[in-house]
Amino acid sequence: MHTARDSIRLIRELYPQPDPVKVILDTDMSGDCDDAGALGLLHALADLRECELLAVVTNRKDLANASAAAADAINTYYGRPGIPIGTCKEKPTALQRTSPYTAALRDGFPNNTGPDDRAPDALDIYRRVLKAQPDGSVTVCSVGAFSNLATL
């Protein structure tokens, strides 16, 4: 008698899953909550083995100085506290805003990342992560400004 587990095993053997898509999230984790939602969606996809989140980098200054800690709090919540995080080191832009949520995530949830100005440079994270992967094997999901990509 076949069980559901046997059926699932057979389906996986007949229809092997592709390798997870390797992703770097480049986000302006500060102004609107879409960035936190995008990071949460990537974690849900990682849980399904559809993506592998390699790094999170921010592309705008956060006036609360908490974008890296907010990203780390989300990563930690989803069980992935070791994902590299880098922050934009460029001068503030006209679009710099006070976040309604980054400080709340930093202060309300476990994280191991300090203030943004002490986090690694986003460009250094990009270079280190991309260097460790085969050419053309990483997808960058950019939410917000393209400043890191333009500088890279």
Exercise. Has segment 125-134 got at least one residue that is more than 15 Å from the chain's Cα centre (by Cα), touching a residue at least 24 places away in the same chain (Cβ under 8 Å) and assigned to a loop (DSSP other than H, G, I, E, B)?
Worked result: yes
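Are any residues in segment 15-54 over 21 Å from A71 (Cβ atoms) and at pLDDT 80 or above, and if so, which ones?
To start, the set of residues in segment 15-54 that are over 21 Å from A71 (Cβ atoms) comprises 15-19, 49.
Answer for segment 15-54, where residues must be over 21 Å from A71 (Cβ atoms) and at pLDDT 80 or above: P18, D19, R49.
Would you point out which residue out of D26, D32, D19 is over 14 Å from the mean Cα position of the chain (by Cα) and either touching a residue at least 60 places away in the same chain (Cβ under 8 Å) or surrounded by 12 or more Cβ atoms within 10 Å (Cβ to Cβ) (or both)? First the steps, then the outcome.
On the way: D26 fails: over 14 Å from the mean Cα position of the chain (by Cα); D19 fails: either touching a residue at least 60 places away in the same chain (Cβ under 8 Å) or surrounded by 12 or more Cβ atoms within 10 Å (Cβ to Cβ) (or both).
The unique qualifying residue is D32.
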Seminar exercise, completed: Within segment 104-138, residues being under 16 Å from P84 (Cα atoms), at pLDDT 95 or above and of a type in the set (S, T, Y) number 1
Exercise. Can you tell which of D135, D117 is surrounded by fewer than 16 Cβ atoms within 10 Å (Cβ to Cβ), in contact with a strand residue (DSSP E or B) (Cβ under 9 Å, 6 or more places away or on another chain) and over 22 Å from D47 (Cβ atoms)?
Worked result: D117
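The values are calculated or read from the model by the stated rules, or taken from the named source; none is laboratory data. Fair warning: this is a prediction, and the values are worked out from it, not measured in the lab. Note that we place each Cβ from the backbone using ideal geometry, even for glycine, and neighbour counts take in every protein chain shown.
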